[in-house]
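Participant: A single structure is presented below for examination.
The values are calculated or read from the model by the stated rules, or taken from the named source; none is laboratory data. The model shown is predicted, which means the values in this text are computed figures rather than measured ones. Positions of Cβ are generated from backbone atoms using ideal geometry, with glycine treated the same way; all protein chains shown enter the neighbour counts. Only protein heavy atoms, including side chains, enter the accessible area calculation; ligands, DNA and RNA are left aside. Shrake-Rupley method; radii C 1.70, N 1.55, O 1.52, S 1.80 Å.
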Amino acid sequence: MNVLKSHLRISIVALLESGVAQREIERRLGVSRKTIRRYQRLANSPTPATGSESLAPNSPGVATGSEASAGQTPPPRPPALPASASTSACEAHRAWIESQVLLGRNAVSIYQDLVEQHGFVHRYNSVKRFVARLKARAPERFDVLEFAPGEEGQVDYGEGAPTLDARGKYRKPALFVMTLKYSGKSFRKTMWKADQESWARVHEEAFRAFGGCPRYVVLDNLKQGVIKPDLYEPELNPVYAAMLAHYGVVADPCRVADPNRKGTVENAIGHTQGTALKGRRFESIEEQNAWLAHWEERWAAPRIHGRKKRQVLEMFREEQAHLKPLPAEGFRCFRQAARTVDDAGLVQVEGSYYAALPAPPHSEVTVRVYEREIEILDRAGAVLRRHEKSLRKGAFVMEGSDRLFNPSRETARLLARLARVGPATAQVGRELFARMGRPGQHAIYGLANLPRTYAAADIEAVCARLLKAGHASYGAIKGALERQATPPAAVPLTQAHPAIRDLAEYQTLWEALSQVHQEDPDGNVYH
């Protein structure tokens with residue numbers, strides 16, 4: 001130990017006895033706090049120090065060494081330091097500072113208010129140390145969550161070991177882990193792509209590996225599973241929700257920033273990364289997955305569970321009987337997106353066009369893209385149409401009835417109108433369409449509109465006559481109807497009617513008005 005000069009030792013003891021803080025002694029004497037603490041321990045020690053470590057000054061009146069008298073009384077030790085020897089300058093404001101710490105304020109804001117409102121004259125570091133001691137809490141406690149066999153599984157993503165990718169670089173793929181809460185049995189798989197579809201597919205693989213499904217799956221709020229986190233009604237990814245519904249499993253997302261709810265799978269990921277994958281590299285993703293499967297079977301499953309003190313594989317065999325049975329068919333995975341129906345009643349999906357009727361134009365529909373099929377759903381989730389997936393971009397997948405305007409359907413409608421006029425008129429329409437084709441459509445329109453002007457009996461008679469003569473055409477039929485149409489008879493004028501006044505009354509009124517209005521030679525009118 002470095003030996004201080006006697007005057008420094010005496011000064012240290014005197015200042016400690018007077019209650020001066022160690023930092024202040026360091027500032028005054030230039031002695032490190034480590035040395036000050038050492039002399040403070042010596043002062044409080046029940047065994048007196050000797051030699052260079054003695055706190056008492058050298059004195060010729062005190063015998064030392066082998067010549068010391070056995071009955072000599074040693075010099076008195078300095079009294080123990082009072083409890084307030086290192087009292088903080090903030091102690092006088094403890095109650096107020098504690099109330100501010102409970103409000104979540106930091107040491108800087110508390111120091112500023114102490115200076116302005118309470119006349120605090122000490123340094124900020126004193127407040128920082130005092131607040132840090134107040135914020136020191138007891139270790140956080142966690143409840144042990146126990147669940148029945150087959151009740152809960154927990155899922156999460158982590159990082160796998162460095163693996164050679166297609167570009168010849170080593171990257172860390174995503175590591176998916178599903179752990180059954182009761183037994184601790186885990187399914188592990190690494191993948192390059194961690195999108196919504198992959199998230200649903202790897203769940204299905206885990207269910208198949210376990211030979212059944214838990215009733216609940218606990219996950220955090222990652223985008224692949226939860227689109228909109230919410231404490232009360234979280235919105236799940238539709239592909240993920242459809243997959244869980246297919247297997248009869250219910251998702252139970254954790255609260256935001258609460259990963260401890262799924263601590264079992266968190267520990268499983270740490271166990272996998274720190275034991276199975278630590279320090280390893282793989283040349284392919286398949287090689288890493290093969291190693292994980294081997295490690296699970298050889299080491300992870302046969303291990304003794306640290307808390308339950310039982311073999312994981314033994315507990316899994318007990319739990320497996322309580323898992324929900326798998327459905328006969330696997331889940332058909334899909335991609336889902338929103339589309340707007342265009343003016344032709346179609347939606348565009350991956351470069352091809354599909355009929356969306358009965359959805360009206362400009363309405364929004366939901367499209368599900370399967371491996372070989374397209375489904376179009378309304379807002380309520382009801383399926384409107386199903387189409388076989390087109391293999392060529394730019395193709396139109398629609399039937400004749402899907403067209404908003406179908407010429408063939410319109411021709412049939414017009415011929416039906418002509419049939420209501422008469423058989424001869426309908427025959428003329430059929431002959432016009434058979435002879436002229438698409439241009440005959442215009443003539444059929446005109447023929448179907450003739451009943452608006454002429455009587456149906458007259459039209460039928462003219463059509464029958466022209467059919468017989470072999471000159472049936474729209475122009476000939478209309479001209480014949482115009483020629484045989486008789487103009488309407490003239491309506492005679494009525495001279496006597498209760499609403500018409502007698503001519504004598506009009507004559508009297510005119511004469512009276514002529515007498516009232518007179519003009520002078522200058523053109524002025526007098527009444």
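Participant: Measure nothing but the geometry: give the 0 to 90° angle between the long axis through the Cα atoms of 440-449 and the longest principal axis through the Cα atoms of the chain, rounded to 10°.
Facilitator: On a 0 to 90 degree scale, this one is about 70.
Participant: Please state the relative contact order of the chain as a whole percent: Cα pairs under 8 Å, 6+ residues apart?
Facilitator: Across the chain, relative contact order equals 8 percent.
Participant: Could you tell me the relative contact order of segment 230-382? Use alpha-carbon pairs under 8 Å, at least six residues apart, and round to a whole percent.
Facilitator: On the way: 126 pairs, mean separation 23.2, N = 153.
In percent, rounded to a whole number, it is 15.
Participant: Below 14 angstrom from the Cβ of GLY440, what's the summed charge of the other residues (Lys, Arg +1; Asp, Glu -1)? Numbers along the way, then the final one.
Facilitator: On the way: positive: ARG430, ARG435, ARG438; negative: GLU410, GLU431.
Taking every other residue near GLY440 into account, the sum is +1.
Participant: Then there's this: So which aspartates and glutamates can LYS393 reach, going by Cα to Cα under 20 Å and dropping same-chain residues fewer than 8 places off?
Facilitator: The qualifying aspartates and glutamates are ASP342, ASP343, GLU350, GLU371, GLU373, GLU375, ASP402.
Participant: Based on alpha-carbon centroids, what's the gap between segment 437-454 and segment 159-226 in Å, whole number please?
Facilitator: Computed from Cα coordinates, the inter-centre distance equals 68 Å.
Participant: Moving on. Could you pull out the trypsin sites (Lys or Arg not before Pro) across segment 130-197 that fall in loop regions by DSSP (anything but H, G, I, E, B) with no more than 16 other Cβ atoms inside 10 Å? It would help to have the intermediate numbers written out before the result.
Facilitator: Details: sites: ARG133, LYS135, ARG137, ARG141, ARG167, LYS169, ARG171, LYS181, LYS185, ARG188, LYS189, LYS193; in loops: ARG137, ARG141, ARG167, LYS169, LYS181, LYS185, LYS193.
Filter output for segment 130-197: ARG137, ARG141, ARG167, LYS169, LYS193.
Participant: A further question follows. Among the GluC sites (Glu not before Pro) in segment 117-167, which ones are in a DSSP loop with at most 10 other Cβ atoms within 10 Å of the Cβ? Mind listing them? Could the numbers behind the result be given before it?
Facilitator: Details: sites: GLU140, GLU146, GLU151, GLU152, GLU159; in loops: GLU140, GLU146, GLU151.
Here the sparse-neighbourhood loop sites are GLU140, GLU146.
Participant: Which angle between 0 and 90 degrees, to the nearest 10, do you get for helix 33-44 versus the longest principal axis of the chain when only C-alpha atoms count?
Facilitator: That helix lies at roughly 50 degrees to the long axis.
Participant: Lys and Arg at +1, Asp and Glu at -1: add these up for the other residues within a Cβ distance under 13 Å of PRO361 and post the number. Display every interim value, and only then the final one.
Facilitator: Values: positive: ARG339, ARG403; negative: ASP342, ASP343, GLU364, ASP402.
Once positives and negatives cancel, what remains is -2.
Participant: Starting from the Cα gyration tensor of segment 236-372, take the square roots of the eigenvalues, sort them a ≥ b ≥ c, and report rounded, prolate or oblate (rounded when a/c is under 1.5, otherwise prolate if a/b is larger than b/c, else oblate).
Facilitator: Numbers: a/c = 2.67, a/b = 2.25, b/c = 1.19.
Prolate.
Participant: How about LYS308: which aspartates and glutamates have a C-alpha closer than 12 Å to its C-alpha, ignoring those fewer than 8 places off in the same chain?
Facilitator: GLU146
Participant: Would you work out if segment 284-333 is rounded, prolate or oblate? Take a ≥ b ≥ c from the square roots of the eigenvalues of the alpha-carbon gyration tensor; rounded if a/c is under 1.5, else prolate when a/b is larger than b/c, oblate otherwise. Intermediate results must be reported in sequence, preceding the final value.
Facilitator: Values: a/c = 3.45, a/b = 1.14, b/c = 3.03.
Oblate, because a/c is 1.5 or more while a/b does not exceed b/c.
Participant: Turning to a different aspect of this structure: Not counting ligands, DNA or RNA, and with a 1.4 Å probe, what is VAL367's accessible surface area in Å² rounded to the nearest 10?
Facilitator: The accessible area comes out at roughly 0 Å².
Participant: Taking the full set of protein chains and a 1.4 angstrom probe, give the accessible area of ARG201 in square angstrom, rounded to the nearest 10.
Facilitator: 110
Participant: With the Cα gyration tensor of the chain giving a ≥ b ≥ c as the square roots of its eigenvalues, does the rule (a/c under 1.5 for rounded; else a/b larger than b/c for prolate; else oblate) give rounded, prolate or oblate? Could the numbers behind the result be given before it?
Facilitator: Numbers: a/c = 5.18, a/b = 2.12, b/c = 2.44.
It comes out oblate by the Cα gyration axes.
Participant: Give me the accessible area of ASP458, 1.4 Å probe, in Å² rounded to the nearest 10.
Facilitator: 70
Participant: Just to confirm the number: angle between the C-alpha axis of helix 407-421 and the first principal axis of the chain, 0 to 90 degrees, nearest 10?
Facilitator: For 407-421 against the chain, the angle is about 40 degrees.
Participant: Could you state the per residue volume, in Å³, of the convex hull enclosing the Cα atoms of segment 232-271?
Facilitator: Roughly 101 Å³ of hull volume per residue.
Participant: Then there is this: Beyond 22 Å between alpha-carbons counts as too far, so tell me which of LYS185/LYS223; LYS228/LYS324; LYS5/LYS34; LYS181/LYS278; LYS169/LYS193; LYS172/LYS278 fall in that bin. Write down the numbers at each step before the final one.
Facilitator: Values: LYS185/LYS223 25 Å; LYS228/LYS324 28 Å; LYS5/LYS34 16 Å; LYS181/LYS278 24 Å; LYS169/LYS193 16 Å; LYS172/LYS278 12 Å.
As for pairs spanning more than 22 Å Cα to Cα, those are LYS185/LYS223; LYS228/LYS324; LYS181/LYS278.
Participant: Could you work out the local net charge near ARG33, counting Lys and Arg as +1, Asp and Glu as -1, over the other residues with Cβ closer than 9 Å to its Cβ? Display every interim value, and only then the final one.
Facilitator: Numbers: positive: ARG23, LYS34, ARG37; negative: GLU26.
Charge balance near ARG33 sits at +2.
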